[in-house]
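Student: Starting off with a structure, shown below.
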Amino acid sequence: MPLLIEAGAEILPCLGDPTLVKFDQYYDNEAHKLYPHWRKYCTLPTYITKEIRRIDIIGKRGRETFREAALINQHIDVLYIASFPDMVASALDWFNGYVIFRVFGHGDFSSYTKAMKFLRIDKAKFAASDKYIWSPILYGLDSGGGPERPSPT
């Protein structure tokens, strides 16, 4: 998030995965020293940011209501989704902006194709979208490194 802010992007982070956030007592504490200082760079009014941040994007797996989708489409240009290809597939159905899928790897899968097949996600949908950006952290799910971290082999 700090790098996106430094690059000039306005960030509006979601509240995260409700099943994991409950274990992080500082997740939504903007005064905490590890909390990203996104709000001072955000030009959206507070009432809109609060409403959008309360949408349970992760819990709904990207299947937002018509009203939620309309609100997000009105104010958001890019969705940055990490590790959840099913959320990306759902968002491609209703989101008008760009969807960046930050792939961190997915369990014991040896390839992206295998993961998508297991999750019953149509890869053609991703390829057909002109607003989908795949941003892997590794060269492939079966590799040990990528541009950020060279492979030891």
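The values are calculated or read from the model by the stated rules, or taken from the named source; none is laboratory data. Predicted model only: the values in this text are computed from it and were never measured. All Cβ positions, glycine included, derive from the backbone under ideal geometry; neighbour counts span all protein chains shown. Note: accessible area is taken over every heavy atom of the protein model, side chains too, but ligands, DNA and RNA are not part of it. Shrake-Rupley method; radii C 1.70, N 1.55, O 1.52, S 1.80 Å.
Student: Per residue, how much accessible area does the stretch 2-101 have with a 1.4 Å probe, in Å²? Don't skip to the end; give the middle numbers.
Tutor: Values: 6210 Å² over 100 residues.
I get 62 Å² per residue for this part.
Student: What number comes out for the charge environment of T49, summing +1 per Lys or Arg and -1 per Asp or Glu over other residues with Cβ under 13 Å away?
Tutor: Values: positive: R39, K40, K50, R53, R54; negative: E10, D28, E30, E51.
Counting the neighbours of T49, the net charge comes to +1.
Student: Taking amide H atoms as placed 1.01 Å from N in the peptide plane, list the residues 5 or more away in sequence, or in a different chain, whose amide H sits under 5 Å from that of Y80.
Tutor: I100
Student: Could you derive backbone 3J(HN,Hα) for the stretch 120-136 from the dihedral phi with the Karplus parameters 6.51, -1.76 and 1.60 (θ = phi - 60°), listing whole Hz in sequence and x where the residue is Gly or Pro?
Tutor: Result, rounded to whole Hz: 6, 10, 7, 4, 4, 4, 5, 5, 6, 7, 8, 10, 10, 10, 8, 10, x.
Student: Now for a separate question. How far, in nm, would the chain grow between S83 and F23 when pulled straight, counting 0.36 nm per residue and subtracting the alpha carbon separation? The partial results should precede the final answer.
Tutor: On the way: separation 60, 0.36 × 60 = 21.60 nm, distance 1.95 nm.
Length difference between fully extended and current span is 19.7 nm.
Student: If I stretch the segment between K125 and R54 completely, what's the gain in nm (0.36 nm per residue apart, minus their alpha carbon distance), one decimal?
Tutor: Details: separation 71, 0.36 × 71 = 25.56 nm, distance 2.79 nm.
Full-extension gain reported as 22.8 nm.
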